[in-house]
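Working notes, beginning with the structure itself.
The values are calculated or read from the model by the stated rules, or taken from the named source; none is laboratory data. Fair warning: this is a prediction, and the values are worked out from it, not measured in the lab. So basically every Cβ, Gly included, is an ideal-geometry build from the backbone, and we count neighbours across all protein chains shown. To get the accessible areas, we keep the full protein, side chains included, count just its heavy atoms, and leave off ligands, DNA and RNA. Shrake-Rupley method; radii C 1.70, N 1.55, O 1.52, S 1.80 Å.
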Amino acid sequence: MSSLSLTAEAPAAPADADDGVWLECIECGDTYAPFDEIRYTCDCDALLEVRYADLPTWDEFEGRGVWRYSAALPFEVGVTLPEGDTPLHRVPRLEEDLGVESLRIKHEGMNPTGSFKDRGMTMGVRVAQELGVDRLACASTGNTSAALAAYGARADLETLVLLPAGKVAAGKVAQASLHGARILEVDGNFDTCLDIVQDLAQRGEAYLLNSLNPFRLEGQKTIGLEILEAHKEDYGEYPDRIVLPVGNAGNTSALYKCFRELVQAGAIEPDEVPKLTGVQAEGAAPMVEAIENGAEETRRWDEVETIATAIRIGNPVNAPKALPGIRETGGTAVAVSDEEITAAQRDLAGEGVGVEPASAASVAGLRKLREQGDVDADERVVCLTTGHLLKDPDAAAEAGADPEPVPGDTAGVLEHLGE
Ligand code: F0G
């Protein structure tokens, strides 16, 4: 049975485990000591996962935020700003409009740099310190670079970010810049940036903190733990489905790993695992294509385009971890148009929840799946919104109402208001 099966046995610790933690290849099963050398993938080129000899149950968690879940992580604490502990908003009008039993919005835009990337970065930078590296790097559609720059600055480490020229939202570039990252604007899309930064990392130029790095996903697992705990407290049960935007499919992989480990620990039953449901933009949908075709791998899309620049990605590196997650949980994947994304961004804003376009894709996807009859009316659904509205002020201004010029006196304002 594949180690990525929802009902796989808990793994036994190999001799090279460090304090019950090791890296294991998802394809060939080879294991590696986690902190003896810098390594991102297996010698066979497949992806690695962090594995643990002991998996915790619910009563071992205490405190707040990402590090509340340290019993499920490789370290007790890391460089923290602090991150996690994000709201699970109620959106009653949208819930009624979409016609589901319940709808909650897990707003990851409320993290310190405004996206879920902070959860992975608090962990990734802690590992970088353990390894003793002095330069951190990532390719990014923007949010990863903002998080890397902030956490790198906090840890007093040099940071280098590669961005696709002209395709990163203004707020994200501003963050990376002010937090002191060296910003390289690459003539190419995100996938080209990631190819280059992987080459740089292999040559020892920098420590790679994209989600190819298995430790990033350990931090991001905590989204799943927070959702399950909060949802159970409010409704007495776990959600039936979690809908999330997909780019590199790191979050999808992290949530699936979270649920697999809970099942292995006996903390939840396999049939309680929420259906992982991925949403991509129509102009960048290799994961949706693979799910629809029943393919084992994604096809690399060389041309990608969408208003949701955060998920403007044609070669999702974590697909081998995420495709089994979507399939084994009984989930699905769906593509939405830029118009549907903008409409969902307005819907969320109308309930006071400000998100960037990629985040709104989750709600747009849920609407489409309801219309297609793929999501039932009796389902309890959580949509993940991954980044804050202010990340992309241009998209927000475009989607919102235009300011109205008025004269500088009360009478003129009243006249304009038509009163
Ligand atoms: N939503 C937002 C706002 C993102 O920034 C990203 C990824 C995703 C969704 C997709 O998450 O890759 O785990 O499937 N942004 C990366 C970046 C690629 O560079 O900031 P995923």
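Report the one residue of Ala128, Leu148, His107 whose Cα lies farthest in the direction of the positive end of the charge dipole of segment 98-194 (charges on C-beta: Lys and Arg +1, Asp and Glu -1; origin at the Cα centre).
So the residue we want is His107.
Along its three principal axes, how long is the chain when you only count alpha carbons? Whole Å, largest extent first please.
Answer, in whole Å and largest first: 80, 49, 43 Å.
Given the whole protein assembly as supplied and a 1.4 Å probe, what does the accessible area of Trp58 come to in Å², nearest 10?
Estimated to the nearest 10 Å², Trp58 gives 60 Å².
Any idea how far the Cα center of segment 244-281 sits from the one of segment 36-73, in Å?
Cα centres, segment 244-281 to segment 36-73: 15 Å.
Taking the full set of protein chains and a 1.4 angstrom probe, give the accessible area of Lys232 in square angstrom, rounded to the nearest 10.
Looks like 80 Å² after rounding.
On the protein heavy atoms, probe 1.4 angstrom, tell me the percent of accessible surface of the chain carried by carbon and sulfur.
Carbon and sulfur together cover 44 percent of it.
Per-residue accessible area for His89 at 1.4 Å probe radius, Å² rounded to 10?
His89 exposes around 60 Å² with every protein chain in place.
Working from the pairwise distances between different alpha carbons, so that the mean of 1/r is found and then inverted, what is segment 322-387's Kirkwood radius in Å?
Values: mean 1/r = 0.0797 Å⁻¹.
This gives a value of 12.5 Å.
Based solely on its DSSP helices, what 222 nm [θ] is calculated for the chain when runs of n ≥ 4 H residues each add -39,500 (n - 2.57) and the sum is averaged over all residues, nearest 500 deg cm²/dmol?
Mean residue ellipticity at 222 nm (helix-derived): -11500 deg cm²/dmol.
Quick one: what are the phi-derived ³J(HN,Hα) couplings along segment 78-91, Karplus 6.51/-1.76/1.60 with θ = phi - 60°, whole Hz, x for glycine and proline?
So the Karplus estimates, Gly and Pro as x, are x, 5, 10, 10, x, 10, x, 6, 7, x, 10, 5, 8, 9 Hz.
Just by accessible area at a 1.4 angstrom probe, what is the order of Asp16, Asp187, Asp118, Asp199 from largest to smallest? Could the numbers behind the result be given before it?
Numbers: Asp16 55, Asp187 150, Asp118 0, Asp199 85 Å².
Result of the area sort, largest leading: Asp187, Asp199, Asp16, Asp118.
Which residue fluctuates most in the GNM of the chain (Cα springs below 10 Å): Tyr32, Tyr235, Tyr256?
Tyr235
What percent does the relative contact order of the chain come to when contacts are Cα pairs within less than 8 Å and at least six residues apart? Don't skip to the answer; put the middle values down first.
On the way: 876 pairs, mean separation 73.5, N = 419.
The normalised contact order for the chain reaches 18 percent.
Could you order Ile307, Ile105, Ile291 by accessible surface area, starting with the largest, using a probe radius of 1.4 Å?
On the way: Ile307 55, Ile105 0, Ile291 35 Å².
Highest to lowest solvent-accessible surface, that is Ile307, Ile291, Ile105.
From the square roots a ≥ b ≥ c of the eigenvalues of the alpha-carbon gyration tensor of segment 171-221, which class results: rounded (a/c under 1.5), prolate (a/b over b/c), or oblate? Don't skip to the end; give the middle numbers.
Details: a/c = 1.62, a/b = 1.13, b/c = 1.44.
Oblate, because a/c is 1.5 or more while a/b does not exceed b/c.
Could you sort the peptides 146-157, 352-363, 387-398 by per-residue average Cβ neighbour count (10 Å cutoff), highest mean leading?
Those peptides, ordered most packed to least, come out 352-363, 146-157, 387-398.
As a test of reading the structure, rank Glu339, Glu60 by solvent-accessible area (1.4 Å probe, protein chains only), most first.
Glu339, Glu60
Find how many whole Å separate the alpha carbon centroid of segment 7-31 from the alpha carbon centroid of segment 297-338.
Centre-to-centre (Cα) distance: 27 Å.
For the chain, what does the accessible surface come to per residue with a 1.4 Å probe? Please give it in Å².
40
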